[in-house]
Amino acid sequence: MSNEYAEAERPALETLGQLGWEVVDQQQTTWDDPRESESSAVLEPRIRDTIERLNPWINENNLNKVVREIQQVAGTSTMDENEQIHEKLVRHTSVKQDRGHGLKHQTVKYIDYETPENNDFFALNQFRVEGPIETIKPDIALFVNGIPLGVIECKAPGIAEPKSEALEQLQRYQNERTETGKEGAEALFRYNQYSVATWLEGAVMGTYGTPKGQYKPWRDPYPVDDEYLADRFDLESYVPDQYRMLYALFEPERLLDQLRHFTVFETKQNGQIKMIARYQQYRAVHKALERIEKRNQREAPGGVIWHTQGSGKSLTMLFLGLKLRREKADPKLVLVTDRQALDDQIHATFERCGFPNPKKAEGIEDLREKLGTSAGETITTLIQKFQLQEDEDGDFPVLSSDKDIYVMVDEAHRTQYKHLANNMRTALPNAFYVGFTGTPIEKDDRDTRQTFGNYIDTYTIDQSLKDDTTVEILYQGRLADMHLEGETLDTMFDRIFDDYTDEEKAEIKKRYARTQDLAEAETRIERVTLDIIEHFESEIADTFKGMVVTTSKRAAISYKEKLDELNGPESRVVISHDHNDPESVKKWAPSDSELSKYKDSFVDPDGEVELLVVCDMLLTGFDAPVAQVMYLDKPLKEHNLLQAIARVNRPFPDKNHGLIVDYYGVSNELREALAMFSAEDVERAMVPLEDKEPELEAAHRNAVTFFDDLENVEACLQTLEPEDRRIEFNNAFKRFSGLMDIVLPNPMANPYKDDLERLSTIYGRAKERYRDDEMNLEGTGEKVRELIHKHIRSSGIEVLNDEPVSVMDTDEFDTRLDTLESDEARASEMQHAVKHELNVRYDEDPVHYGSLQERVEELIEEYRQQRLSDREVIEELREIMDEMRSRQQIARKKGFVGTTELSFYHALEDVLEAEECGIDEESLIELTGTLVSAVEKFTAIVEWKQKVNIQQQIRKQVKIELYKSDLDLSDVERDELTTRVIELARAHYE
């Protein structure tokens with residue numbers, strides 16, 4: 001059995017069994033598939049039995065109706081169907097039935113959430129589901145009441161890229177990998193709650209439609225810990241990630257909780273998106289609920305949830321709201337922020353996700369009216385609406401003394417703990433307050449703690465980086481002679497206005513003596529704009545996008561005009577409307593519809609807008625993963641600085657870092673901002689580019705230590721002959737080249753460029769020599785990957801992603817051998833080329849190619865033990881190559897048209913000889929022709945491989961021909977021979 005099964009799949013099945021699932025392992029036992037067709041992904045008998053058990057009053061007609069209903073959901077897309085099915089599973093369905101009080105609507109449960117053990121949890125490996133073209137066979141499928149809510153793909157932990165391979169397979173199953181979208185079986189994913197990739201030492205999770213780069217780990221099994229898991233699963237103290245993930249997602253009570261309360265669908269321009277909780281969100285919600293239960297104890301009046309920027313704060317609020325709605329009788333939720341944009345965003349998020357009836361407070365009076373009513377509602381409001389009106393004095397009025405009010409305050413570190421927060425407390429004296437923030441509470445900040453209480457949950461910058469929830473932000477000071485940091489105004493002034501006379505300088509200085517005026521001087525903006533264009537076009541464009549942050553609306557307009565004037569990247573200016581602005585500024589402020597178009601175009605990787613020029617807008621709450629760089633020309637401070645720079649920390653394919661290019665000199669402000677917080681809270685908030693030098697040096701040292709001499713390519717290739725050695729080198733090379741992608745074109749990279757090229761040559765030749773698909777450049781970054789590809793091509797290695805030169809291509813392969821410098825190199829090239837070809841062709845003729853594989857392995861072993869010289873092994877391999885190349889001649893000698901019949905002949909010969917059937921060669925050739933003709937009648941049918949009934953007909957016809965042949969075969973032997981014929985048909989006929 002494979003390493004994959006032994007090291008990941010079987011342990012996963014055993015873990016599920018320990019969690020209370022009924023497990024069938026098809027490697028160990030047979031399973032009677034109850035489905036009529038493999039195109040269905042549900043186990044109808046289990047659905048039927050559970051519905052009847054959970055709803056014992058239901059009659060036969062209604063039972064049939066409800067069973068049909070969950071299977072026959074019709075939507076505009078698989079995602080739409082997934083949402084509809086989720087709705088039915090969570091909110092149940094209804095039927096009309098008379099239960100003794102007349103014909104009425106009765107609720108029918110598909111799942112019993114209150115008593116998880118009443119449900120049917122069933123796990124099965126190698127579950128086949130037929131798609132339009134191919135039949136998929138995920139490693140493990142998990143069914144709740146016969147409905148497939150989970151799919152797990154397992155990989156052996158020792159392979160080079162277990163995560164990447166597993167995710168690639170999940171993408172293929174979901175038809176997410178190709179434009180045609182026909183290689184998977186979406187029938188399985190109409191129901192999917194969790195898709196998991198696991199390789200024992202690691203595991204990541206997503207759901208249907210989750211992009212490959214957004215699958216995340218589950219680090220914390222809260223409320224239990226690793227000690228609990230080790231005890232439950234009979235492990236030593238170390239708990240591999242796979243166990244933590246399976247417990248966190250598939251412990252029955254947790255699975256139902258997350259299906260019900262931690263899953264939402266959001267409608268966006270390009271369709272629906274399914275979103276599920278990550279571990280920090282699940283943990284924070286449960287901790288908040290625990291704090292709420294302790295609300296009468298003096299030490300827990302409320303609390304703060306600090307989850308760093310980009311970790312899904314709005315969704316955490318949403319999940320907490322869903323949970324409160326379910327667990328409290330009639331709760332009133334009040335969502336508070338201090339900026340209109342954030343209020344709009346939170347209201348829209350709740351509304352788009354189908355949250356029941358969120359209402360926006362339209363003004364001070366409207367807010368008071370909404371808060372004063374007793375009905376449980378969800379209200380979104382600005383903190384500014386908690387203020388006295390002009391005709392009021394004294395204390396703010398009490399609006400509701402209800403205890404079942406839950407106030408969630410976004411960005412709780414800002415204005416909320418000033419007098420408006422006191423008004424809010426006065427208005428709702430018995431409410432429970434939860435503050436949410438993307439930046440930590442300051443070390444000495446007593447006010448926030450008094451207003452909200454201590455931390456409920458924290459998710460730090462460093463944790464977010466480890467989880468790949470965010471990417472590291474690097475800092476680069478640029479154009480040092482223009483920096484304002486450490487400069488006197490006079491020095492700065494003289495540099496900018498060097499061409500002016502002393503009299504003119506004096507007059508200018510009188511009129512424009514502020515630092516901001518100097519920063520906005522036309523000469524300076526022109527020079528900075530030129531530098532932005534050069535930097536963006538050489539390092540960012542074609543893959544990512546950027547933002548330019550300016551000191552004022554006028555400066556934003558000036559930058560936009562200069563970008564256009566200098567033929568810079570496609571840009572838009574985003575500034576707010578203000579009645580007091582002059583017309584020259586007003587005309588640039590986008591309308592709401594224009595702003596929406598700008599944002600959509602910028603967020604879309606293929607949208608035309610490449611740069612957004614802003615002043616204050618979009619510096620908080622704006623998510624654009626495609627943004628990699630922020631050109632900062634504004635003196636941001638403290639929380640505002642930490643929030644702004646987080647615009648570039650969202651993950652995106654090939655984005656291994658965000659970048660702040662500082663033209664204003666905010667490094668002092670950054671140091672001050674970081675000093676406000678505990679060091680561990682803001683570790684790696686923004687890393688100076690120079691700090692990468694020790695990492696780069698270490699990664700370089702690690703990559704080159706595999707070899708004694710980088711110039712001797714053949715010796716280096718021989719070093720990489722063992723597969724585990726290649727895996728180690730590939731990982732080290734990717735780490736080094738990934739850091740080079742970050743650093744280039746900074747001069748810091750210069751000492752390592754030559755070695756990057758040498759290592760690229762070795763990498764390219766090793767990938768080709770060893771035909772190793774597991775050697776890839778995933779994660780190295782687009783910039784350096786192109787550089788590597790370019791160098792490899794220029795070195796004469798033409799093939800990186802295509803198939804290497806085949807031994808069957810006689811002239812080309814032999815020419816390639818002639819270019820190699822030594823017999824050792826030729827022997828190495830031949831053995832790996834032959835092994836690769838035999839692996840590729842094995843399914844076409846397992847008997848013939850299998851025997852050749854055995855000969856090659858014996859040869860290689862003798863060669864390793866130095867019982868054969870280079871020349872001798874070359875001659876032996878040539879004989880094997882000649883035999884592979886001469887299949888057509890052998891086929892013709894036997895009277896066959898081509899090599900397909902020869903493959904069938906070998907299969908028949910192998911089985912019949914083993915069973916000593918005593919058939920002569922002429923009869924064997926005749927029987928081969930008969931079986932091939934029988935098979936070809938059916939394989940001419942379009943998409944025959946996807947049609948189970950056609951395959952059954954082939955099987956039936958083959959058995960008929962075998963009966964007619966008068967061969968003395970047992971039923972088992974006849975079945976084996978029929979199966980071999982079907983497998984050969986799959987390999988040879990489209």
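Each value in this text was obtained by applying a stated rule to the coordinates, not by laboratory testing. It should be emphasised that the depicted structure is a prediction, and the values quoted were computed from it without experimental measurement. Methodologically, a virtual Cβ is constructed for each residue, glycine included, from the backbone with ideal geometry; neighbour enumeration extends over all protein chains shown.
Let's see if you can work this out: charge +1 on each Lys and Arg Cβ, -1 on each Asp and Glu Cβ, no other charges. What is the dipole magnitude of the chain about its Cα centre, in debye to the nearest 20?
With only Lys, Arg, Asp and Glu charged at Cβ, the dipole is about 4580 debye.
What FRET efficiency comes out for the pair residue 468/residue 227, r = Cβ-Cβ distance, R0 = 35 Å, nearest 0.05?
On the way: r = 26 Å, r/R0 = 0.75.
The pair residue 468/residue 227 has a calculated efficiency of 0.85.
For residue 986 paired with residue 723, estimate the spin-label separation in nm (one decimal), with each label point 7 Å from Cα along the Cα-to-Cβ line.
2.2 nm
Cα-based Rg of the chain per 2.2 N^0.38 Å, rounded to two decimals?
1.11
What is the extension gain from residue 362 to residue 890, computed as 0.36 nm multiplied by their sequence separation minus the C-alpha to C-alpha distance, in nm to one decimal?
Length difference between fully extended and current span is 181.5 nm.
For an R0 of 60 angstrom, estimate the FRET efficiency from the Cβ-Cβ distance between residue 871 and residue 201 and round to the nearest 0.05.
Computed FRET efficiency for residue 871 and residue 201: 0.85.
Could you please rank 684, 68, 765, placing first whichever residue has the fewest other Cβ atoms within 10 Å of its Cβ?
Lowest count first: 68, 684, 765.
Using helices alone, I'd like the mean residue ellipticity at 222 nm for the chain: each DSSP H run of four-plus residues gives -39500 (n - 2.57), total over residue count, nearest 500.
-14500 deg cm²/dmol
If one takes the longest principal axis of the Cα atoms in the chain, at what angle in degrees, from 0 to 90 and to the nearest 10, does the Cα axis of helix 553-565 lie?
Compared with the principal axis, the helix lies near 50 degrees.
So for the chain, taking the charge dipole from beta-carbon charges (+1 Lys/Arg, -1 Asp/Glu), which of 119, 762, 78 sits furthest toward the positive end?
It is 119, whose Cα lies furthest towards the positive end.
Which peptide among 253-263, 587-597, 740-750, 426-436 comes first, and what is the full order, when sorted by highest mean count of other Cβ atoms within 10 Å? Display every interim value, and only then the final one.
Values: 253-263: 19.5, 587-597: 13.5, 740-750: 17.4, 426-436: 21.0.
Ranked from most to least packed, the peptides come out as 426-436, 253-263, 740-750, 587-597.
Could you calculate the FRET efficiency of residue 975 with residue 940 from 1/(1 + (r/R0)^6), where r is the beta carbon distance between them and R0 is 22 Å, rounded to 0.05?
FRET efficiency, residue 975 to residue 940: 0.30.
Could you state the per residue volume, in Å³, of the convex hull enclosing the Cα atoms of the range 810-885?
78 Å³
How far apart, in nanometres, would the label points at residue 293 and residue 430 be if each is projected 7 angstrom from Cα along the Cα-to-Cβ direction?
Each label point is offset 7 Å from its Cα along the Cβ direction, giving 2.2 nm.
Quick one: which of 137/964; 182/767; 274/599; 96/268; 323/466 span more than 24 angstrom between C-alpha atoms?
Going by Cα-Cα distance, 137/964; 182/767; 96/268; 323/466 fall outside the 24 Å limit.
Within the range 951-990, whose backbone N sits under 13 Å from a point 7 Å along Cα→Cβ of residue 883?
none
Which order do the peptides 391-402, 531-542 come out in when sorted by mean C-beta neighbours inside 10 angstrom, highest first? Write down the numbers at each step before the final one.
Values: 391-402: 12.5, 531-542: 17.2.
Put in order of decreasing packing, that is 531-542, 391-402.
Rounded to a whole number, what is D in µm²/s for the range 692-794 from Stokes-Einstein with the Kirkwood radius over alpha-carbon pairs (25 °C, 0.890 mPa s)?
For these conditions, the coefficient is 182 µm²/s.
Between residue 37 and residue 600, what is the spin-label point distance in nm, taking each point 7 Å from the Cα along the Cα→C-beta axis?
Between residue 37 and residue 600, the label points sit 3.8 nm apart.
Where does helix 782-794 land angle-wise versus the long Cα axis of the chain, in degrees 0 to 90, nearest 10?
For helix 782-794, the angle is close to 40 degrees.
What list do you get for 639, 92 if you sort them by fewest beta carbons within 10 Å?
Details: 639 20, 92 16.
Fewest to most other Cβ atoms nearby, the residues stand as 92, 639.
By count of other Cβ within 10 Å, fewest leading, how are 604, 845, 564 ordered?
Sorted ascending by nearby Cβ count, the order is 564, 604, 845.
Dimensions of the range 891-988 along principal axes (Cα, Å, largest first)?
Principal axes ranked by extent give 37, 32, 19 Å for the Cα atoms.
Helix 948-964 versus the longest principal axis of the chain: what is the Cα-based angle in degrees, 0 to 90, to the nearest 10?
The answer is roughly 10 degrees.
Where in the range 850-879 is the amide nitrogen less than 17 Å from a point lying 7 Å along the Cα-to-Cβ axis of residue 913?
In the range 850-879, the label zone of residue 913 (backbone N under 17 Å from the point 7 Å along Cα→Cβ) covers 850-856.
Using a 10 Å cut-off on Cβ atoms, rank the peptides 231-237, 185-191 from the highest mean neighbour count down. Could you put the intermediate results ahead of the total?
Working: 231-237: 11.4, 185-191: 24.1.
Answer by packing, highest mean first, reads 185-191, 231-237.
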